[in-house]
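Report on the following structure.
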Amino acid sequence: MDLSPLQKARYEYQPKLPSMLRHEIGEIEAVEGKTTESVSDQEEIKKLFPNTYGMKEVEFKKGKSHAKKRKEVVGVILSGGQAPGGHNVITGLYDALKKASKENVLLGFKQGPSGLLDDDYIELTDDYINMFRNTGGFDIIGSGRTKLETEEQFAVAAEVCKKHGITAIVIIGGDDSNTNAAVLAEYFAKTNSGVQVIGCPKTIDGDLKNDVIEVSFGFDTATKTYSELIGNIERDANSAKKYWHFIKVMGRSASHIALECALETQPNICLISEEVEKKQMSLSDIADVVVSSVVKRAEKGLNYGVVIVPEGLIEFVPEVKKLIGELNDIVALKKDEFNAISEWDEKYAFMKKNLTAESFGVFASLPLEIEKQLLMDRDPHGNVQVSRIETEKLLIALCEVKLKELKKEGKYNGKFSTLSHFFGYEGRCAFPSNFDADYCYSLGYNAFMLISNGYTGYLSTISNLSKSADEWKAGGIPITKMMNLEQRSGVKKPVIKKALVELDGKPFAYFASHRDKWAVETCFTFPGAIQYYGPSSVCDIPTRTLSLEHQE
């Protein structure tokens, strides 16, 4: 197989570990901290997880190890969407296993959780692992979105583990995948199977975080990839001076990606879903924000600009959020009746009959294509597939109507030529940045430390990430600490609570203090491509979000 020069060089890159994890494994001690409880719904979560609730936080420090001395057979699963660095979580886990004992075994279950249920796996070896070090993607074993949530599935998983002598399962995934990990850990603990379950925090969306998990892996690489592309478009806009570019970026449930890209590139407008919800802004209000910038720039002869739109914006608009909530419940509760309808006119009549008058009014006011996108097939959780809704095109249409009216009134005399973009898959499988390569390798290595010390139902955590890798801290937190109850397909279920953009946080405050200037003036910045070789100040820098959050 022919390899690019960069690919060859990345195979040889040696990820940096926290200094604590560079000690001999027998010299690392697991030190327990405070007892934890779930972020909300404590009594209900405790009842659902009686065997794995209320466990203590863990930090690894130099000292006498109390790790078990036994042969470890570990199964690893990649779950959910891709994120840069996933391969390094597996290579870090593999290296730690083999450092502890050459007899230890790592089995990779193929295509996500379904690989565990189907007993479809590959034993990972030096030669195979070495082909994926520091590379993007999840193709080492593939990924999938199968949910582990029924007693029947758990029983099958337990049988597969027993068949291969598996001592632990590591699930690499986002909030739903690690909710699966928590539920599986609870089942194994309840049935005394002897199988531990450890999770690793993955999602480019950046919404799997708390006071210990400072960032999920993949966020760094994805936002730097998107920021490079946005910077390129800004340069083009500033050169051609004739287009307004509306750029939708990933981030269904939170606007962390949009905010980070704005901090990196300084566009004219960046919409933050969480602010839209807090201010109870309507679609018309949002369009007014963009139109204001368009008009003011036109007065300066600047008929071009850049607007960043978070993927999930439409769900945060109160009137549309209510509509989507009703749609999700109707489709879940009347699934058979809805699925039997094929003609659009009949679907429209079905919605008019079942939606409240207020929500149907919002539905009817949307362009036909947006109405149809709202009724597309649901995701595995029964929710609208927001990424399919062309919010950026909806905003363009709303702005065009408003600008046309302003032109009639003599309040606007500019040009509004637009181009729309959606950056999603472009960032999910990029070569991981040095930060993500190091962070992910450390997460995997640390997952083995949790396994060897007997922990289950924990997330592997690496913190103090705004510092150099030497100063990073390694440990773990119980997954139940992050859980609450949420409505899914019409039923309340325990899930990891998503972390939203904090409007009183430092990253948003910095953005808010500069956006009025950016809206009118051309303040574009051009981050350029991710750098892997060169000064640490260029190659190892964390995101602006992480730096601002830990600014002293």
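The values are calculated or read from the model by the stated rules, or taken from the named source; none is laboratory data. Note that the structure is predicted; figures quoted are calculated from it, not measured. Here Cβ is always computed from backbone atoms with ideal geometry, including for glycine, and neighbour counts include all displayed protein chains. Ligands, DNA and RNA are excluded from the accessible area calculation, which covers all protein heavy atoms including side chains. Shrake-Rupley method; radii C 1.70, N 1.55, O 1.52, S 1.80 Å.
Could you list the square roots of 5 times each eigenvalue of the Cα gyration tensor of the chain, that is, the equivalent ellipsoid semi-axes, sorted largest first and rounded to whole Å?
Here the semi-axes work out to 42, 29, 20 Å.
Need one number for region 207-353: average projected area of the convex hull over its C-alpha atoms, nm².
Result: a mean projected hull area of 12.2 nm².
Among the listed pairs Lys224/Lys517; Lys393/Lys498; Lys202/Lys248; Lys300/Lys407; Lys68/Lys98, which have their C-alpha atoms separated by more than 18 angstrom in this model?
In this structure, Lys224/Lys517; Lys393/Lys498; Lys202/Lys248 lie more than 18 Å apart at Cα.
Please work out the C-alpha center-to-center distance from region 258-284 to region 21-53 and express it in whole Å.
The distance from the Cα centre of region 258-284 to that of region 21-53 comes to 35 Å.
Please list, short to long, the whole-number percent of alpha-carbon pairs of region 245-313 in consecutive 10 angstrom bins beginning at zero.
Percent of pairs per bin, in order: 21, 51, 26, 3.
From largest accessible area down, sort Glu277, Glu214; use a 1.4 Å probe on the protein chains.
Largest accessible area first, the residues go Glu277, Glu214.
If you stretched the chain out fully between Lys242 and Ala340, how much longer would it get, using 0.36 nm times the residue separation minus the C-alpha to C-alpha distance?
Full extension from Lys242 to Ala340 adds 30.6 nm.
Restricting attention to region 356-426, which trypsin sites (Lys or Arg not before Pro) occupy a DSSP loop and are surrounded by at most 15 other Cβ atoms within 10 Å?
Here the sparse-neighbourhood loop sites are Lys411, Lys415.
Enumerate the whole-percent occupancy of each 5 Å bin, from 0 to the last occupied one, for all C-alpha pair distances of region 134-250.
Percent of pairs per bin, in order: 2, 9, 15, 16, 14, 12, 10, 7, 5, 4, 3, 3, 1, 0.
Restricting to Cα pairs below 8 Å that are 6+ residues apart, what does the relative contact order work out to for the chain? Please round to a whole percent.
24
Given the Cα-Cα distance of Glu400 and Leu419 and 0.36 nm per residue of separation, how much length would full extension add, in nm?
Value of the extension gain: 5.6 nm.
Could you name the lysines in cross-link range of Lys334, using Cα to Cα under 23 Å and dropping any fewer than eight places away on the same chain?
Answer for Lys334, where 23 Å is the Cα cut-off: Lys147, Lys321, Lys322, Lys347, Lys352, Lys353, Lys372, Lys492, Lys493, listed by chain and number.
Whenever you get a sec, line up Glu315, Glu103 from highest to lowest accessible area (probe 1.4 Å, protein heavy atoms).
Result, largest first: Glu103, Glu315.
With just the Cα atoms defining each centre, how far is region 88-105 from region 491-552? Give it in Å.
34
Could you look at region 18-101 and say what percent of its accessible area is carbon and sulfur, using a 1.4 Å probe and all protein chains?
Reported share for carbon and sulfur atoms: 46 percent.
Rank by packing, highest mean first: peptides 423-430, 89-96, 511-518, with packing defined as the count of other Cβ atoms within 10 Å averaged across residues.
Ranking the peptides 423-430, 89-96, 511-518 by packing returns 89-96, 423-430, 511-518.
Enter the accessible area per residue of the chain (Å², integer; probe 1.4 Å; all protein chains in place).
Per-residue accessible area for the chain comes out at 41 Å².
By how many nm would the segment from His514 to Asp288 lengthen if fully extended, with 0.36 nm per residue of separation less the alpha-carbon distance?
79.5 nm
What is the distance, in nm, between label points placed 7 Å from the Cα along the Cα-to-Cβ direction at Lys61 and at Gln280?
5.0
Considering only protein heavy atoms and a probe of 1.4 Å, how much of the accessible area of region 103-223 is carbon and sulfur, as a whole percent?
Carbon and sulfur together cover 47 percent of it.
Run the simple label-point estimate for Glu409 and Lys352 please: 7 Å along Cα→C-beta, distance reported in nm.
3.2
Using only the Cα atoms of region 437-485, construct the convex hull and provide its projected area averaged over every direction, in square nanometres to one decimal.
4.0
Out of the total accessible area of region 334-379 (probe 1.4 Å, heavy atoms of protein only), what percent is carbon and sulfur?
About 49 percent, which is the carbon plus sulfur part of the accessible surface.
Apply 1/(1 + (r/R0)^6) to the Cβ-Cβ distance of Glu486 and Asn130, taking R0 = 41 Å, and write down the FRET efficiency to the nearest 0.05.
Once the sixth-power term is evaluated, E becomes 0.50.
Relative to the compact-globule scaling 2.2 N^0.38 Å, provide the ratio for the alpha-carbon radius of gyration of region 76-216.
Region 76-216 yields a ratio of 1.00.
How are the C-alpha pair distances of region 389-485 spread across 5 Å bins, as whole percents from the shortest bin up?
Histogramming region 389-485 at 5 Å steps yields 2, 10, 13, 11, 9, 10, 7, 7, 8, 8, 7, 5, 3, 1, 0 percent.
Sort out for me the Cα centre separation of region 116-136 from region 141-192, rounded to whole Å.
Here the two parts' Cα centres lie 18 Å apart.
Could you rank the peptides 295-305, 69-79, 345-355 by their average count of other C-beta atoms within 10 Å per residue, with the highest value first?
In decreasing order of mean packing, 295-305, 69-79, 345-355 become 69-79, 295-305, 345-355.
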